[in-house]
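This report concerns only the one structure given below.
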Amino acid sequence: MRPPARVRPRPDPLRALDHPAVVVALLTPFGRDGRLDAAALRDHVEHLVEERVDGLMPCGTTGEGPLLSEGEVAAVVATVVDASRGRVPVLAHVGRADTPATVRLARRALADGADGLSAVVPYYYALDGAQIVAHFRALIEAADGKPVYAYTIPARTGNELSVDAARSLGRDGLRGVKDSTKSFERHRQYLETGLDVLMGSDGMVARALAAGAAGCVSALANVRPDLLRRLKEAAAAGRDDDASAAQDELSALRAELSHGPPLVGLKRAASERFPGYRSTLRAPLG
């Protein structure tokens, strides 16, 4: 009788991420007609891969994800997966205000080749900790072993991922947290859970890496991936002065691009940097 075949564990591309990792909070380009500009997105992904970023996160806040239909989110994720060609992990943001839509998008993203998932804490309705935990447990189950990150940005969602909730979800299989609370005290508390914590605020990257963060999810990496790479390499090598200098440059760029309505400066910078990339934003942003 033949012995049962050994089941090989599925590879986990995100475990191979350099620590610290620079993950790009990817912009979504639109054409004159307001629809996804797939060609511009492919060119942008190619540029970022050539700049040696460690990962891509499409359809989050920077990607105007809440303003995209489910079909558009799926199209963006599939385009990014195809354009990256397995050279860097794709962490698809699939967060929605409701659990069924989040799970639906998660399954579609994984079927289209995403390496892992991120989802924002559900928004609009006030939720308690138990409801937030139940939401992410459903997502973790749908991910079927693929990495899941909880994205917390309470200024936008109105709901917060408590440290206790993060710790509980870690026991259920949550891989990590993208922290955009802008509270360094809370960031330290997330680090103490043992989860992979990714800093989501460009103004606090160097400080987070020094404290032990697994990396960052950076909006500014869309236009200055070289600067983020320089910062993370300096931090990893313990060159604190170089990391601080890179952070100062990053913070100055952040201040320059933050004037005016959300994303206007960043998209304008992308349009100036990449031929054929339009600065169009999805209404009501633009």
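Filtering segment 120-127 for residues that are touching a Ser or Thr at 6+ places or on another chain (Cβ under 6 Å), open to solvent by 30 Å² or more (accessible area, probe 1.4 Å) and either closer than 18 Å to Gly145 by Cβ or not basic (Lys, Arg) (or both) leaves a non-empty set.
Name the single residue that is farthest from Leu26 (Cα to Cα) among those in segment 84-98 being out of contact with any Phe, Trp or Tyr (no Cβ under 8 Å at 6 or more places or on another chain) and crowded, with 20+ Cβ neighbours inside 10 Å.
So in segment 84-98, the residues out of contact with any Phe, Trp or Tyr (no Cβ under 8 Å at 6 or more places or on another chain) come out as 84-90, 92, 94, 96, 98.
Add one more test, that the residue is crowded, with 20+ Cβ neighbours inside 10 Å, and what stays is 84, 88-90, 92, 94, 96.
Details: Ser84: 13, Val88: 13, Pro89: 13, Val90: 10, Ala92: 10, Val94: 13, Arg96: 17 Å.
Out of the qualifying residues, it is Arg96.
Only one of the numbered conditions (1) open to solvent by 20 Å² or more (accessible area, probe 1.4 Å); (2) under 17 Å from the mean Cα position of the chain (by Cα); (3) among the small types (Gly, Ala, Ser) is violated by Ser218, and that is (1).
Does Val77 count as without any contact (Cβ under 8 Å) to a residue 40 or more places away in the chain, touching a Lys or Arg at 6+ places or on another chain (Cβ under 8 Å) and surrounded by 19 or more Cβ atoms within 10 Å (Cβ to Cβ)? Judged against the criteria, Val77 is a match. Just one of (1) touching a residue at least 60 places away in the same chain (Cβ under 8 Å); (2) open to solvent by 10 Å² or more (accessible area, probe 1.4 Å) fails for Ala142. It is (1).
If you check Ser118, Ser162, which single one turns out to be at pLDDT 95 or above, in contact with a Leu (Cβ under 6 Å, 6 or more places away or on another chain) and polar (S, T, N, Q)? Within the list Ser118, Ser162, the selection yields Ser118.
Within segment 157-173, the residues that satisfy the criterion of being out of contact with any helix residue (DSSP H, G or I) (no Cβ under 7 Å at 6 or more places or on another chain) and surrounded by 15 or more Cβ atoms within 10 Å (Cβ to Cβ) are Thr157, Arg167, Gly170.
Contact annotation: residue pairs with Cβ atoms under 7 Å, 6 or more positions apart or on different chains, pairing a residue in segment 97-113 that is within 18 Å of Thr79 (Cβ to Cβ) with a partner that is at pLDDT 95 or above and open to solvent by 50 Å² or more (accessible area, probe 1.4 Å), are Leu105/Glu70; Leu110/Lys146. Being of a type in the set (Ser, Thr, Tyr), in contact with a helix residue (DSSP H, G or I) (Cβ under 6 Å, 6 or more places away or on another chain) and under 28 Å from Thr28 (Cα atoms) is the requirement here; does Ser201 meet it? No: the conditions fail for Ser201. Can you name every residue in segment 188-207 that is without any contact (Cβ under 8 Å) to a residue 40 or more places away in the chain, surrounded by 24 or more Cβ atoms within 10 Å (Cβ to Cβ) and under 14 Å from the mean Cα position of the chain (by Cα)? Selection gives Val197, Met199. Looking across segment 105-119, the residues that are over 17 Å from Thr181 (Cβ atoms) and either crowded, with 17+ Cβ neighbours inside 10 Å or not charged (D, E, K, R) (or both) come down to Leu105, Ala106, Arg108, Ala109, Leu110, Ala111, Asp112, Gly113, Ala114, Asp115, Gly116, Leu117.
Identify the residue in segment 271-286 that is of a type in the set (S, T, N, Q) and part of a loop (DSSP other than H, G, I, E, B) and, among all such residues, is nearest to Leu220 (Cα to Cα).
Selected residue: Ser279.
The values are calculated or read from the model by the stated rules, or taken from the named source; none is laboratory data. Nothing here was measured: the structure is a model prediction, and the numbers come from that model. Neighbour counts run over all protein chains shown; Cβ positions are idealised from the backbone, glycine included. These accessible areas exclude ligands, DNA and RNA; they are computed on the full protein's heavy atoms, side chains included. Shrake-Rupley method; radii C 1.70, N 1.55, O 1.52, S 1.80 Å.
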